[in-house]
1. If the chain between E68 and Q253 were fully stretched, how many nm would it gain, using 0.36 nm times the residue separation less the Cα-Cα distance?
2. Express as a percent, rounded to the nearest 5, the fraction of DSSP beta bridges in segment 134-268 (both residues included) that run antiparallel.
3. Which value in nm describes the separation of the simple spin-label points at A163 and D225, placed 7 Å from the Cα toward the beta carbon?
4. Hey, with R₀ at 22 Å, roughly what FRET efficiency would E45 and E129 work out to, going by the Cβ-Cβ distance, to 0.05?
5. In nanometres, what is the gap between the two model label sites at E119 and E152, each 7 Å from Cα along Cα-to-Cβ?
6. Hey, can you find the accessible area per residue of segment 113-167 for me, probe 1.4 Å, expressed in square angstrom?
7. Taking the solvent-accessible surface of protein heavy atoms with a 1.4 Å probe, what is the per residue accessible area of segment 170-247 in Å²?
8. Which value, in debye to the nearest 20, gives the size of the charge dipole of segment 76-179 about its Cα centre, when Lys and Arg are +1 and Asp and Glu are -1 at the Cβ?
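The values are calculated or read from the model by the stated rules, or taken from the named source; none is laboratory data. Small disclaimer: the values here were computed from a predicted structure and weren't measured. Every residue, glycine among them, receives a Cβ derived from its backbone with ideal geometry; neighbour counts consider all protein chains shown. We work out accessible area using only protein heavy atoms, side chains counted, and drop any ligands, DNA or RNA first. Shrake-Rupley method; radii C 1.70, N 1.55, O 1.52, S 1.80 Å.
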Amino acid sequence: MKSFRKWAKRPALLIASALTAGLLAGCGANNDESGESSGSWADIEERGVLQVATSGTLFPASFHDDEEGLTGFEVELTREAADRLGLEVEFTEMGFDGMLTSINSGQVDLAVNDIDINEDREERFLFTEPYKFSYGAMIVRPDDYSGIETLEDLEGKKHGGAATTIYMQIAESYGAEGVTYENVTNDTYLRDIENGRLDVVMNDYYLQSLAIEALPEIDVIIHPDLFYHPNNQAMIMKEDNHELQERLNSVIQEMLEDGTVTTLSEQFFGGQDVSEEPDMEFEEPDVEYDDE
């Protein structure tokens, strides 16, 4: 496996924005003559290829390396899972909203892109068992933590991110002013906090810690005392594809037990094991998430 350090210093990698983006309503399913969805396990097994949507822009879950091409924690985890099922993998790169629509239309069998498991999605899709456990953090200025000690202190602050992320919903529910960014890189977010255009960026702890490590010249930090929104991530697929879910769960469990997931995590998350649930206290936001 390649070392993490080679990728950690690349400032043009995206901070997480697609992982919790808004959820579009799915299109109608493609059905074959037997009435099964075109992404059923029988179809997948017959063609020998697992068709997977991912963004290719979400470091370190799914991104492009100059030497390796498309890679990342979930990309390599998916390749290993498919190999254990006797399948090849064909990745299609797209935005998050397109992933979920493509699952329902039968264009792809599943999606991987640091996608949170939540109640709304579970009503319309199937997830595998989780293999990444995380929580929310805040990037702030180091001198005064941007004046933020609790979530209530977000009122009147400027929060940067994509318009429909869960983290933007949390920030705005506490009275923050949302500053919308589209497809920008880590250095843009971090410099705007440093120069005062933003006060805070809220997002996944592990992804934010990697962004700060990659850009040490920018004077920002992760808030040391304020963590919230514990969450977990998994593969997402069509709501009736139970056999694919069962088979993926079986190999994911094998990979958790034999250390493969831990090895991939340490490779892509700077030595950190995201497959273990964090043992810490969280402040749970008082907000109803809207995935529409």
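1. Extending this stretch completely gives an extra 63.9 nm.
2. Numbers: 8 of 13 bridges.
Antiparallel: roughly 60 percent of the beta bridges in segment 134-268.
3. 3.6
4. Working: r = 21 Å, r/R0 = 0.95.
Computed FRET efficiency for E45 and E129: 0.60.
5. Placing both labels 7 Å along Cα→Cβ, they lie 2.5 nm apart.
6. Per-residue value: 37 Å².
7. Details: 3030 Å² over 78 residues.
It amounts to 39 Å² per residue over segment 170-247.
8. It works out to roughly 140 debye.
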